[in-house]
Amino acid sequence: QADVQYVRPIRHRVEPYDVRSWVTHVGTKSLVLTSELGDHGNIKARGRFVMVAFDLVQARATELTPLWRDLLGSTTA
């Protein structure tokens, strides 16, 4: 799932925009990644992305391993 809120116009240009991303929630099978796109502290867009752990062999969602949960932190914001 991806949700984006556009706050200000984002113009095409050669210079890259600043992007900050952080994990805001870690669940049993998923995590939420929040991002901001901006220009010198001026936020142009905000995004919220739900990412699900997936077992390619069994073709289904699977639980995050303890290692991944530790690496991501147990954030519940």
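Here percent of Cα pairs over 22 Å apart was calculated from the structure, and among [x] 21; [y] 38; [z] 15 it sits at label [y]. Rolling a 1.4 Å probe over the heavy atoms of the protein chains gives the chain an accessible area of 75 Å² per residue.
The string of couplings for the range 53-59 from the Karplus curve (6.51, -1.76, 1.60, θ = phi - 60°) is 5, 9, 8, 5, 5, 8, 6 Hz, one whole number per residue in order, with x for Gly and Pro. For the chain, the carbon plus sulfur part of the accessible surface works out to 56%, probe radius 1.4 Å. All other residues whose Cβ lies under 11 angstrom from that of Asp3 are scored, Lys and Arg at +1 and Asp and Glu at -1, for a net of +2.
Do any trypsin sites (Lys or Arg not before Pro) in the range 23-61 lie in a DSSP loop with no more than 14 other beta carbon atoms within 10 Å, and if so, which? Walk me through the numbers before you get to the answer.
On the way: sites: Lys29, Lys44, Arg46, Arg48, Arg60; in loops: Lys29.
Passing sites in the range 23-61 are Lys29.
What does the charge count around Thr24 come to, taking other residues whose C-beta lies under 13 Å from its C-beta (Lys +1, Arg +1, Asp -1, Glu -1)?
Working: positive: Arg20, Arg46, Arg48; negative: Asp3, Glu36.
Summing Lys and Arg as +1 and Asp and Glu as -1 gives +1.
The values are calculated or read from the model by the stated rules, or taken from the named source; none is laboratory data. Quick caveat, the model's predicted, so the values are computed rather than measured. Neighbour counts are summed over all protein chains in view; Cβ atoms, including those assigned to glycine, are modelled from backbone coordinates with ideal geometry. Ligands, DNA and RNA are stripped out before the accessible areas are found, and what is left, the full protein with its side chains, is counted by its heavy atoms. Shrake-Rupley method; radii C 1.70, N 1.55, O 1.52, S 1.80 Å.
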